[in-house]
1. Hey, does segment 190-205 have a residue that's within 16 Å of Gln267 (Cβ to Cβ) and in the same structural domain as Lys165 (by the TED database)?
2. Can you work out which of the residues in segment 474-483 that are touching a residue at least 12 places away in the same chain (Cβ under 8 Å) and open to solvent by 20 Å² or more (accessible area, probe 1.4 Å) is farthest from Glu461 (Cα to Cα)?
3. I'm checking my understanding of the structure. Among residues of segment 245-274 that are of a type in the set (Asp, Glu) and open to solvent by 30 Å² or more (accessible area, probe 1.4 Å), which one is modelled with the lowest pLDDT?
4. What's the total number of residues in segment 275-295 that are closer than 20 Å to Met349 by Cβ and open to solvent by 10 Å² or more (accessible area, probe 1.4 Å)?
5. If the requirement is being of a type in the set (Ser, Thr, Tyr) and open to solvent by 50 Å² or more (accessible area, probe 1.4 Å), which of these qualifies: Thr18, Thr22?
6. So, in segment 499-527, exactly how many residues are of a type in the set (D, E, K, R), part of a strand (DSSP E or B) and buried (at least 18 other Cβ atoms within 10 Å of the Cβ)?
7. Can you run down the residue pairs with Cβ atoms below 8 Å, 6 or more apart or on separate chains, where the first is in segment 518-531 and at positive phi and the partner is open to solvent by 10 Å² or more (accessible area, probe 1.4 Å) and part of a helix (DSSP H, G or I)?
8. Looking at Ala229, Ala214, Ala178, Ala234, which is the one that is more than 26 Å from the chain's Cα centre (by Cα) and open to solvent by less than 60 Å² (accessible area, probe 1.4 Å)?
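The values are calculated or read from the model by the stated rules, or taken from the named source; none is laboratory data. This structure is a prediction, so every number in the text was calculated from the model and none was measured. Neighbour counts are summed over all protein chains in view; Cβ atoms, including those assigned to glycine, are modelled from backbone coordinates with ideal geometry. Calculation scope for accessible area: heavy atoms of the full protein, side chains included, ligands and nucleic acids excluded. Shrake-Rupley method; radii C 1.70, N 1.55, O 1.52, S 1.80 Å.
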Amino acid sequence: MAAEVPPDAPGRRVLCGTDYATVRYVGGVPPTAGIWLGVEWDDPQRGKHDGTYEGTQYFKCRHPRGGSFIRPNKANFGVDFLTAVKDRYGLNDQQDVQHGTENTLVFGKKTVEFVGMDSIAEQQRQVQLNQLVDISVRECAVSHAGQKEEIGRTCASIRHINLSKNLISSWETVTAIASQVQNLETLNISENKMKFPSTSTSVSSVFSKLRILALNQTEITWTEVLLCAPGWPALEELYLTSNNITLSERPDNVLQTLKLLDLSDNQLLDGNQLHLIAHLPRLEQLILRNTGLSSIHFPDTRFGCKTKMFPSLKHLAINDSKISQWSSINELDKLPSLRSLQCHNNPFMDTEKNPETLRQLIIAKISQLEVLNKSEILPAERKGAELDYRKIFGNDWLAAGGHWNPEKNNPSEEFLAAHPRYLSLCLKYGAPEEGELKGQQPVTLKNQLLTLTIKCPEKPEQKPVEKKLPESMTIQRVKGLLFRLLKIPGSELKLSYKSSKLEGKEVELDNDLKPLQFYSIENGDCVLVRW
């Protein structure tokens, strides 16, 4: 007996074994007999041709070998939502049939059947389905909603649904399922290649409570996102990864409640595209991993001022992109709310081989940053980074027209464009002194040795000791050295230092794992030992 082909088969998603495909043709293929399905495989290597057989093109494929003909009995057109739920959670009718003998008991030679057990089992099943709040039917071949209102009657408590990697062919199917779930808050329909509305649709209350929506790998376009968005009035998180999206227009009067937007693995390329989403008022987290993004700029304001773009943005991820210029990192200091940045694997990072120095440069360039590449920036680390930055580029500042006398201090526009925070760091810590900058020499082992004075302020009878220590030496190792020198248990030591550059201030050396250079200690500084 031939398998029945649904009347709406063209365009439907099907499963053939473990391979996913889209039906592109239904009909005969002479000279063979019977009905064939022409399918375009998700994995083109599974196919044989482009929809052409013996000179006749029956359908078209994106890939020249992405198509095949299969018999209808080889295609799984999927099941309705409730059937998938019952199968996944072990609550289907077949399991009751298999366990039907549980409705009988044997007394001696007599078998007694418990009348009404089937109806009790059905009631229990209904109770269990009604208690489900978080449902996952990932990879369960869901293709349609099923009988109207049946989901609402059976699963009244649902709030979160994972429908990823199924056989959903259209947004209408998603709406048909969601319309029966009154309190839907989270919906994941990723990895379903489906059709979305191409014109604006009437706004309904189907998704009125939806807060989180994942549409990864669905082939949705940005235009289609904006056409659907009026129906998502409370949406807070939107995941759109791997859709080949380019931002083409501004989301006016939609997505205004959005707090998180993930556009990873889409080819944005141009930083100007970001300006189209820069005025989402509540956007706090923007994820742009592997987008091909090559530059970032906010032309509405000059350096030292805050942009009006991305007013609420706290967390930005630009990992695995193509940002090659430090000027893009300078621009991030304009963001008024930025607190966290992830920027691994960008070409600009290749300009500095030392990962610690690289981290310090980024910290010094972005004043309000609190977390860099998932690692917290402590106040001592920020201070050390900013002091080092001020010193490292001091000679460039002088060469560009910088001066210790404020009346003569007039660095060039080129210098200020490359180091927009330099003047504010000079105001914060004072301009670098001439002797400090003249002392800079090429880095050698000799130059890495610091001559420090060791004092015990609580034991004035103990004479100060002068020691030469590598600037890469950790505080823990310094404590071990002082233990041997002063005969004091290292774990009980509390270290700090004073510098002529920081008059009247004493800086604690409070992290045993950090090297001396982390705290910007210099030749001639005094290390204070207490216990």
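1. no
2. So, considering only residues that are touching a residue at least 12 places away in the same chain (Cβ under 8 Å) and open to solvent by 20 Å² or more (accessible area, probe 1.4 Å), the one farthest from Glu461 (Cα to Cα) is Thr474.
3. Start the filter on segment 245-274 by keeping residues that are of a type in the set (Asp, Glu), which leaves 249, 252, 262, 265, 270.
Next cut, open to solvent by 30 Å² or more (accessible area, probe 1.4 Å) only: 249, 252, 265, 270.
Values: Glu249: 94, Asp252: 92, Asp265: 97, Asp270: 77.
Of everything passing the filter in segment 245-274, Asp270 is modelled with the lowest pLDDT.
4. 5
5. Values: Thr22 fails: open to solvent by 50 Å² or more (accessible area, probe 1.4 Å).
One residue alone meets the criteria, Thr18.
6. The qualifying residues number 0.
7. So the pair list comes out as Ser520/Lys383; Ser520/Leu387; Ser520/Asp388; Ser520/Lys391.
8. On the way: Ala229 fails: more than 26 Å from the chain's Cα centre (by Cα); Ala214 fails: more than 26 Å from the chain's Cα centre (by Cα); Ala234 fails: more than 26 Å from the chain's Cα centre (by Cα).
Result of the check over Ala229, Ala214, Ala178, Ala234: Ala178.
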